[in-house]
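The values are calculated or read from the model by the stated rules, or taken from the named source; none is laboratory data. It should be emphasised that the depicted structure is a prediction, and the values quoted were computed from it without experimental measurement. Neighbour counts run over all protein chains shown; Cβ positions are idealised from the backbone, glycine included. Calculation scope for accessible area: heavy atoms of the full protein, side chains included, ligands and nucleic acids excluded. Shrake-Rupley method; radii C 1.70, N 1.55, O 1.52, S 1.80 Å.
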Amino acid sequence: MSRDEKIEQLKARMTAMRSEVHVVPKGDRNAPWTNQLKTILAEKGLKQMLYAPGTAVGDAVEAAWAAGDAGLPALKAYDAPVETFKETLFSMDAGITGTMGGIADTGALVLWPDEKEPRLMSLVPEVHIAVLDADHIHETFSEAMEKCDWAARMPTNALLISGPSKTADIELVLAFGVHGPKEMVVLILV
């Protein structure tokens, strides 16, 4: 698949699972991808957003808010142990994370949580915003494992996310947003 075909397939598969997917230019200092993020957040009317300081996404968000944050959700850094951060964590409207990559074949994002960006950031807030570099979209799961050399550096926890939380009851009725994020917003940076 070409780069554009992988982007389109990932977008189509994630949209089918009720994710909101935006293909956004990475931009430069004058027009960064965070401008599109600001527009999306303003339209949603969110009040608070959790981010990870010291990460590429977190640093970009901090810089964007420093340039002007009128009408935007207040930023809250994930900067404390979960034991002392639970109340704050569960009060967040949104959480923004980076991604390790994407898988076009299945329409999934790959997240490798760590101490700076714990998995709770993508699992607890009602809206999960994920930022994906289009150059890190792989055709298949096995290609992602091979190209990212998982055999040599497997994380203790890897997440594959295809959309907002979903579950099915015993009658196989699919329900979205029951246990975890009710919304999934993906920014694919091209």
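Which net charge results for the neighbourhood of residue 10, defined as the other residues with beta-carbon distances under 15 angstrom from its beta-carbon, given Lys and Arg at +1 and Asp and Glu at -1? Please report the intermediate quantities before stating the final value.
On the way: positive: 3, 6, 11, 13, 18; negative: 4, 5, 8, 20, 105, 133, 135, 139, 143.
Result for the local shell: -4.
For n ≥ 4 DSSP H runs only, could you compute -39500 (n - 2.57) per run for the chain, divide by its residues and tell me the 222 nm figure to the nearest 500? Let's see the in-between values first.
Numbers: 6 runs with 55 residues, N = 190.
Mean residue ellipticity, 222 nm, calculated: -8000 deg cm²/dmol.
How high is the FRET efficiency between residue 90 and residue 171 when r is their beta carbon distance and R₀ equals 30 Å, given to the nearest 0.05?
Numbers: r = 30 Å, r/R0 = 1.00.
Calculated transfer efficiency: 0.50.
If Rh is defined by the Kirkwood formula over all Cα pairs and Rg also comes from Cα, what ratio Rg/Rh do you get for segment 103-144?
Rg divided by Rh gives 1.00.
Compute and list, largest first, the equivalent-ellipsoid semi-axes of segment 3-189 from the alpha carbon gyration tensor, each √(5λ) rounded to a whole angstrom.
Numbers: eigenvalues 113, 83, 64 Å².
One finds semi-axes of 24, 20, 18 Å for segment 3-189.
Tell me, what is the per residue accessible area of the chain in Å², probe radius 1.4 Å? Before the final figure, lay out the partial values.
On the way: 9880 Å² over 190 residues.
Accessible surface, normalised per residue, equals 52 Å².
Using Cα pairs closer than 8 Å and at least 6 residues apart in sequence, work out the relative contact order for the chain, in percent. Present the calculation step by step, with values, prior to reporting the outcome.
Working: 358 pairs, mean separation 54.5, N = 190.
Relative contact order here is 29 percent.
Per residue, how big is the convex hull around the C-alpha atoms of segment 1-69? Give it to me in cubic angstrom, could you?
Looking at segment 1-69, the number lands at 122 Å³ per residue.
Take the solvent-accessible surface of the protein heavy atoms, probe 1.4 Å, and return the percent of it on segment 3-189 that carbon and sulfur atoms account for.
Values: 4980 of 9680 Å².
Looking at segment 3-189 in its full context, I get 51 percent from C and S.
If you filter segment 85-141 for trypsin sites (Lys or Arg not before Pro), then keep DSSP loop positions with at most 10 other Cβ within 10 Å, what is left?
On the way: sites: 86, 116, 119; in loops: 116, 119.
Loop-located and lightly packed - none at all.
Looking at segment 67-107, what % of the alpha carbon pairs are farther apart than 13 Å? Don't jump to the answer; show the numbers that get you there.
Working: 564 of 820 pairs.
Of the Cα pairs, 69 percent sit more than 13 Å apart.
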